[in-house]
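Note sheet for the following structure.
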Amino acid sequence: MKVARSTSDLAAVAAQIPYAVYLDLRVELDDEGVLAHLPFRQDLVGNAGLPALHGGVVGAFLELTALFQLLASARDARNPKPINFNVNFLRSAGAAECLARARVVKHGKRIANVEVVAWQGDRAKPVASGFGNFLL
Amino acid sequence: MREQDFALREFFGERRQELISHIPHAVELGMTVEKAGPCQALLRIPQGARLLGAASRGVVFGGVITTLLDQVGGTAVMCSQRELTSIATIDMRIDYMRPSTPGRDLLGHAQCYRLTRNVAFVKSRAFHEGEIDDPFAISLSTYMLASNPATPGVVKALEASYRVKRS
């Protein structure tokens, strides 16, 4: 994958990932880095009673946000592969859009460590956080 | 614990698909319950183009494996309970040992190896048919039990969604 230097670069990469297209993931690049949006959809629900997004979808959203932040931070074109990913589910993610931002904690020669937080409405009330290691 | 002590024992056989039929995203992905039994479950996600990480490589995106392992882990926890309560995932860690093989269904097996009053501990793995000892991803996860204790009627709603028959 190429280095993403703008919102349109990120959108072009997202369009190459069928699963990101399926989730209708939106990504933009601003001064803080990547801001990812996951629109709410009924078919992404895990608990119909609450309702709440499926935990797996929230986890996948965090992983995608981490990947896009890594592409936006990369010095050269690489294809980062996830080695592992950790997700903390902090609150149920209700019937609303999810937002997420990631931070590259360490960008090594071979491995990058990335932290991610997702929220709905109030950034001070995260619905999930996570971190992952990627092989560069 | 004997098999008759498990709250969802009636779904350990032919009715096992009903364990996930009330979960919209599981239905959407075409998930099937291959096996269910005391403290464990085996689920399948059929291969599909929209699940890929890169169309050119044909490999499923890692996040889809997250969904499979979260779902199979939760199902194993439900299959561990003596009294039915609602559950919520606390956390999960996934190791991706290698990419999945293009074109093959994803299978997920989970074992709830410890159940306390508040927390369930789960080990799970994702693999292809006939390769349970050579998984492409492994996960450890924890689940909170009775995640909505203050909500009246939660257990009733659960029983309704699982269509548990009480004698």
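Each reported figure results from applying straightforward, stated rules to the coordinates on display, with no laboratory input. Not measured: the values here are computed from a predicted model. Note that each Cβ is placed from the backbone with ideal geometry, even for glycine, and that neighbours are counted across all protein chains shown.
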Evaluated at q = 0.07, 0.08, 0.16 Å⁻¹: base-10 log I(q)/I(0), Debye formula over Cα of the protein assembly as shown:
-0.25, -0.33, -1.28
Selection of GluC sites (Glu not before Pro), region B:18-110, meeting DSSP coil and at most 13 other Cβ within 10 Å:
B:Glu83
Sequence-distant or interchain residues sharing an amide H contact under 5 Å with B:Val119, placed H: which?
B:Leu145
GNM, chain B, Cα, under 10 Å: largest mean-square fluctuation among B:Thr32, B:Thr116, B:Thr66?
B:Thr116
Have a look at B:Arg125, B:Arg16, B:Arg114 and tell me which one the Gaussian network model of chain B (Cα, springs below 10 Å) gives the largest fluctuation.
B:Arg114
With each pseudo-label sitting 7 Å past Cα toward Cβ, what's the B:Thr116-B:Ala55 distance in nm, one decimal?
4.9
Give me B:Leu19, A:Leu53 ranked fewest to most by other Cβ atoms within 10 Å of their Cβ, as a rough exposure proxy.
B:Leu19, A:Leu53
Footprinting proxy, B:Glu14, A:Glu28: sorted fewest to most Cβ within 10 Å, the residues are B:Glu14, A:Glu28
Using the count of nearby Cβ atoms within 10 Å as a rough guide to exposure, how do B:Tyr143, B:Tyr113, B:Tyr96, A:Tyr22 rank from fewest to most?
B:Tyr113, A:Tyr22, B:Tyr96, B:Tyr143
Specify whether the C-alpha gyration tensor of chain A places it in the rounded, prolate or oblate class, a ≥ b ≥ c being the square roots of the eigenvalues: rounded for a/c under 1.5, otherwise prolate if a/b is larger than b/c and oblate if not.
prolate
Run the simple label-point estimate for A:Asp43 and B:Ala160 please: 7 Å along Cα→C-beta, distance reported in nm.
2.6
Just the number: Rg to Rh for chain B, Cα atoms, Kirkwood Rh, two decimals.
0.98
Points 7 angstrom from Cα along the Cβ direction at A:Asp122 and A:Lys81: gap in nanometres?
4.3
Acute angle (nearest 10 degrees) that the helix B:62-78 long axis makes with the longest principal axis of chain B, alpha-carbon atoms
20
